[in-house]
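Asker: Below is the structure I would like to discuss, written out as structure tokens.
Each reported figure results from applying straightforward, stated rules to the coordinates on display, with no laboratory input. Because the structure is a prediction, the values reported are computed rather than measured. FYI the Cβ positions are ideal-geometry reconstructions off the backbone, even for glycines, and counts take in every protein chain you see.
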Amino acid sequence: MFIVDAHLDLAMNALEWNRDLTRPIEEIRAREQAWVDKPDRGRGTVSFPEMRRGGVGLCVATQIARYVALDNPLPGWHSPEQAWATTQGQLAWYRAMEERGELLQIRDRDALDRHVERWQDGDGGDAPIGYVLSLEGADSVVTLPHLERAYAQGLRAIGPAHYGPGVYAQGTNACGDLGAPGRELLQEMDRLGIILDVTHLCDDSFRDALDHFRGPVWASHSNCRSLVAHNRQFSDDQIKELIQRGAVIGSAFDAWMLVPGWVRGETTPDGAGVSLQTVADHIDHICQIAGNARHCGIGSDLDGGFGREQCPSDVHTIADLSRLPGLLAERGYAPEDVAQIAHGNFIRFLREAWARPRS
Ligand SMILES: [Zn+2]
């Protein structure tokens with residue numbers, strides 16, 4: 001089945017993890033065996049061949065670079081300009097992958113429709129994998145004219161914050177409203193037609209963002225707080241509000257967001273009993289709140305700084321996303337609902353977002 005994955009950090013993996021995603025996953029892992037700089041070394045799950053094997057023909061792929069002020073202990077660049085330059089390097093890698101025919105940037109409705117046509121049965125043949133360009137954490141947007149430049153480069157969605165305090169919004173584990181810069185950013189996003197990704201917004205900034213943004217809203221990679229209590233997750237009330245706004249919520253595959261009590265570096269996927277069924281539990285929770293299957297999708301984040309040591313035990317590579325539709329069908333989901341979750345909801349969302357008249 002054709003799968004849409006609404007959150008992958010492909011360029012970050014290429015440039016910060018030094019992974020050539022065009023290569024077989026076994027080769028990528030083997031070259032990292034002796035490396036210890038990242039917890040997921042030798043255990044990555046994402047490569048282009050594995051995406052193709054799983055029918056993942058369209059993804060939302062990020063640019064990501066954090067700016068940290070003097071008092072921010074998180075890792076990051078010491079100026080927004082350095083962060084901007086990093087995202088531009090990431091864009092250069094996406095362009096190089098387009099030149100190789102590996103990727104195709106999808107930036108409007110016509111291109112989306114043509115691409116879906118080629119991939120609709122989950123086998124794109126020799127078609128490239130489509131990607132919608134997104135920015136995770138907006139710190140790298142130095143000024144609003146930079147945002148206009150980014151839009152011209154194909155940027156179509158922004159999550160204003162990532163972990164910690166940000167220039168435009170407060171993220172996971174932080175607190176506080178957007179402030180004036182964040183509201184101006186949202187206004188400009190609205191004018192340009194850029195999707196607001198509410199994933200990673202802290203509760204205050206989530207509230208503030210939904211109050212000030214009129215355009216399309218999604219949550220690219222978020223799970224349920226009532227199943228795993230953490231501020232990174234959405235409460236049932238937040239999920240209800242997102243449903244009212246027509247959002248689609250992509251389920252994330254990071255194990256600590258799937259089962260309670262995960263201790264990084266200690267808990268194992270087998271030990272915690274975390275599997276694709278656990279992902280289905282989060283999807284089902286949202287569907288039960290909505291009363292339908294129109295607001296769920298996949299936003300695996302499978303290359304978001306973790307590998308097999310911290311993902312569902314039955315996910316060996318991203319190709320295993322293809323097994324999720326079968327699990328949902330076994331739970332009694334109708335074929336059309338399974339297809340909506342696998343790809344249809346995010347495609348519908350993008351078609352509507354890109355058809356809407358600009359303010
Ligand atoms: Zn993230």
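Asker: Based on a Kirkwood Rh over C-alpha pairs, give the Stokes-Einstein translational diffusion coefficient of the stretch 179-295 at 37 °C and viscosity 0.692 mPa s in µm²/s.
Answerer: 217 µm²/s
Asker: Then there is this: Of Cys311, Trp93, Ser251, which is farthest on the positive side of the dipole of the chain, counting Cα position, with +1 on Lys and Arg Cβ, -1 on Asp and Glu Cβ, and the Cα centre as origin?
Answerer: Of Cys311, Trp93, Ser251, it is Trp93.
Asker: Between Arg100 and Arg31, what is the label-to-label distance in nm when each label sits 7 Å out along the Cα-to-Cβ direction?
Answerer: 0.9 nm
Asker: Residues with beta-carbon under 9 Å from that of His162, excluding His162: net charge, scoring Lys, Arg +1 and Asp, Glu -1?
Answerer: Every neighbour counted, the sum reads -1.
Asker: Going by C-beta contacts inside 10 Å, put Leu302, Leu327 in order with the fewest on the left.
Answerer: Ascending Cβ contact count within 10 Å gives the list Leu327, Leu302.
Asker: Sorted by mean Cβ packing within 10 Å, highest first, what order do the peptides 105-114, 335-344, 216-225 take?
Answerer: Highest mean packing first, the order is 216-225, 335-344, 105-114.
Asker: Same structure again: Under the √(5λ) rule applied to the eigenvalues of the Cα gyration tensor, what semi-axes describe the equivalent ellipsoid of the stretch 2-123? Give them in Å, descending.
Answerer: Taking √(5λ) for each Cα gyration eigenvalue gives 28, 21, 12 Å.
Asker: Quick one: compute a quarter of the convex hull surface over the Cα atoms of the stretch 101-148 and quote it in nm².
Answerer: If I average the Cα hull's projected area over directions, I get 4.5 nm².
Asker: Per the Kirkwood treatment, what hydrodynamic radius in Å, one decimal, follows for the stretch 105-243 from the mean inverse distance over all distinct Cα pairs?
Answerer: About 15.9 Å for the stretch 105-243.
Asker: Now for a different question. Taking the Cα atoms of the stretch 42-192 alone, what are Rg (to one decimal) and Dmax (as a whole number) in Å?
Answerer: In order Rg, Dmax, the Cα atoms of the stretch 42-192 give 16.9, 50 Å.
Asker: Continuing with the same structure: Quickly estimate the mean residue ellipticity at 222 nm for the chain, helices only: each DSSP H run with n ≥ 4 gives -39500 (n - 2.57), and the total goes over all residues, rounded to 500.
Answerer: Dividing the helical sum by the residues of the chain leaves -11000 deg cm²/dmol.
Asker: Right, another one. Work out the length of the dipole vector of the chain about its Cα centre, built from +1 on the beta-carbon of each Lys and Arg and -1 on the beta-carbon of each Asp and Glu, and round it to the nearest 20 debye.
Answerer: 460 debye
Asker: Quote the relative contact order of the chain in percent (integer), defining contacts as alpha-carbon pairs under 8 Å separated by 6+ residues.
Answerer: Computed over the chain, the figure is 19 percent.
Asker: For the stretch 1-74, what is Rg from Cα atoms divided by 2.2 N^0.38 Å, rounded to two decimals?
Answerer: 1.28
Asker: Follow-up. Limiting things to C-alpha atoms, what are the Rg and the maximum Cα-Cα separation (Dmax) for the stretch 163-229, in angstroms?
Answerer: Here Rg and the maximum Cα pair distance are 11.8, 36 Å.
Asker: Once you charge only the Cβ atoms, +1 for Lys and Arg and -1 for Asp and Glu, what is the size of the charge dipole of the stretch 37-111 about its Cα centre, to the nearest 20 debye?
Answerer: 260 debye
Asker: State the Kirkwood hydrodynamic radius of the stretch 224-359 in Å, one decimal place, computed from all pairs of distinct Cα atoms.
Answerer: Hydrodynamic radius (Kirkwood, Cα pairs) of the stretch 224-359 is 15.5 Å.
Asker: Additional query: Based on the mean of other beta carbon atoms within 10 Å per residue, what is the order of 17-30, 83-96, most packed first?
Answerer: Descending packing order for the listed peptides: 83-96, 17-30.
Asker: Which log10 I(q)/I(0) values does the chain give at q = 0.11, 0.12 Å⁻¹ under the Debye formula, counting every alpha carbon as one identical point scatterer?
Answerer: Scattering profile of the chain, log10 relative to I(0): -0.67, -0.82.
Asker: Going highest first, how would you order 281-293, 260-272 by mean Cβ packing within 10 Å?
Answerer: Put in order of decreasing packing, that is 281-293, 260-272.
Asker: Any idea what the relative contact order of the stretch 1-88 is, in percent, if you count C-alpha pairs under 8 Å spaced at least 6 apart?
Answerer: Over the stretch 1-88, the number comes to 32 percent.
Asker: Here's something else I'd like to know. Using alpha carbon centroids, what distance separates the stretch 290-336 and the stretch 136-154, in Å?
Answerer: The two parts, judged by their Cα centres, are 31 Å apart.
Asker: Just how large is the dipole of the stretch 90-206 about the Cα centre, in debye to the nearest 20, putting +1 at every Lys and Arg Cβ and -1 at every Asp and Glu Cβ?
Answerer: 260 debye
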